[in-house]
Amino acid sequence: MTINYKPNYGIAVWNSPEAGHQATGKTLKHNTTWKVVSKQVVNGKTWYNLGGAQWIDSTYTINGYPSVSQAPSAHPDYTGQTNTYPWGQCTYYVKMVAPWVGNYWGNGTQWGTSAKRVGFSVNKTPQAGSVVVFTAGQWVGSWQADRYYGHVAYVKSYNPANNSITITQGGMGFNSPTGPNTQVVPNATNFSYIHR
């Protein structure tokens, strides 16, 4: 099996193919070849096991399902993938309203790193249509993101005059877990944004 992603970039190795899995921190470089020990299909997607708790998404392999070849400046568009985030979580809501984001990006606090790893632009520039990432314990206006999981939301608009964003969001802490729960958040340039 050969990695087919982007020159000078790699794909993440995960500890499991199941929902809720975590990135191991290891990446496999484009155009490298690896021995597959076994494979497993989860939610219609094939995963390859490289031995132990080392799984990769076959989407990014030459013989994968399906084969993907990205231009150096491109990134995947996950529109059309089933939403695999847990119902009622902020991640579930954002995947619903921004279907281009990936599944298996982890908890909200991990989304910026996961998105950057697959080629998305992630920076401190607020923009309508982007996803805002609140790290673990970061203040979301008058309340604090979970101290372990963090939080993500969808940016409806940005007001540069007062450096605020209007966001919509979901989560079990709101009256409507599946959103949209609208909020204006100050200090917009303090947060990270994932851009489509």
Exercise. Could you give the nm distance between label points at Ser38 and Asn103, where each point is 7 Å from its Cα heading toward the beta carbon?
Worked result: 2.1
Seminar exercise, completed: Mean-square fluctuation maximum in Gaussian network of the chain, Cα pairs under 10 Å, restricted to Gly150, Gly51, Gly141, hits Gly51
For this session: Take the alpha carbon atoms of region 77-117, find their center, do the same for region 161-176, and report the distance between the two centers in whole angstrom.
Result: 17
For this session: Work out the charge dipole of region 66-185 with +1 on the Cβ of Lys and Arg and -1 on the Cβ of Asp and Glu about the Cα centre, then indicate which of Asn83, Ile167, Gln144 is farthest towards its positive end.
Result: Gln144
Problem set entry | Among Thr82, Thr135, Thr168, residue whose mean-square fluctuation peaks in a GNM of the chain (springs only between Cα atoms under 10 Å) | Thr82
Exercise. Gain in length, Asn162 to Lys116, computed as 0.36 nm per residue apart minus the alpha-carbon separation, to one decimal in nm?
Worked result: 13.8 nm
Problem set entry | Estimated D of region 63-187 in µm² per second, where Rh is the Kirkwood radius over Cα pairs and Stokes-Einstein applies at 4 °C, 1.567 mPa s | 86
For this session: Quick one: net charge around Tyr48, please, counting Lys, Arg +1 and Asp, Glu -1 for every other residue with C-beta under 13 Å from its C-beta.
Result: +2
For this session: Name the long-range amide H neighbours of Thr61: under 5 Å, sequence gap of 5 or more, or other chain; modelled H, no Pro or chain starts.
Result: Asn4, Val68
Seminar exercise, completed: Summed over the other residues with a beta carbon less than 11 angstrom from that of Trp105, with K and R at +1 and D and E at -1, the charge totals +3
Exercise. Per residue, how much accessible area does the chain have with a 1.4 Å probe, in Å²?
Worked result: 48
For this session: Report, in deg cm²/dmol and to the nearest 500, the calculated mean residue ellipticity at 222 nm for the chain, where each DSSP H run with n ≥ 4 adds -39500 (n - 2.57) and the sum is divided by the residue count.
Result: -2000 deg cm²/dmol
For this session: Using a 1.4 Å probe over the heavy atoms of the protein chains, calculate the carbon and sulfur portion of the accessible area of the chain as a whole percent.
Result: 51
For this session: Under a 10 Å cutoff between Cα atoms, tell me which one of His151, His75, His21 has the largest fluctuation in the Gaussian network model of the chain.
Result: His21
Problem set entry | lysines whose Cα lies under 29 Å from that of Lys95, excluding same-chain neighbours fewer than 8 positions away | Lys6, Lys26, Lys29, Lys39, Lys45, Lys116, Lys124, Lys156
Exercise. When the chain is fully extended, how far beyond the present Cα-Cα distance does Asp77 get from Ala19, taking 0.36 nm per residue of separation?
Worked result: 18.9 nm
Problem set entry | Mean Cα-pair separation over length for region 6-160, i.e. relative contact order, pairs under 8 Å, 6 or more apart, % | 16
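The values are calculated or read from the model by the stated rules, or taken from the named source; none is laboratory data. Being a predicted model, the structure only gives us computed values, none of them experimental. No Cβ is skipped: glycine too gets one built from the backbone with ideal geometry, and neighbour counts run over all protein chains shown. Note: areas computed on protein heavy atoms with side chains; ligands, DNA, RNA excluded. Shrake-Rupley method; radii C 1.70, N 1.55, O 1.52, S 1.80 Å.
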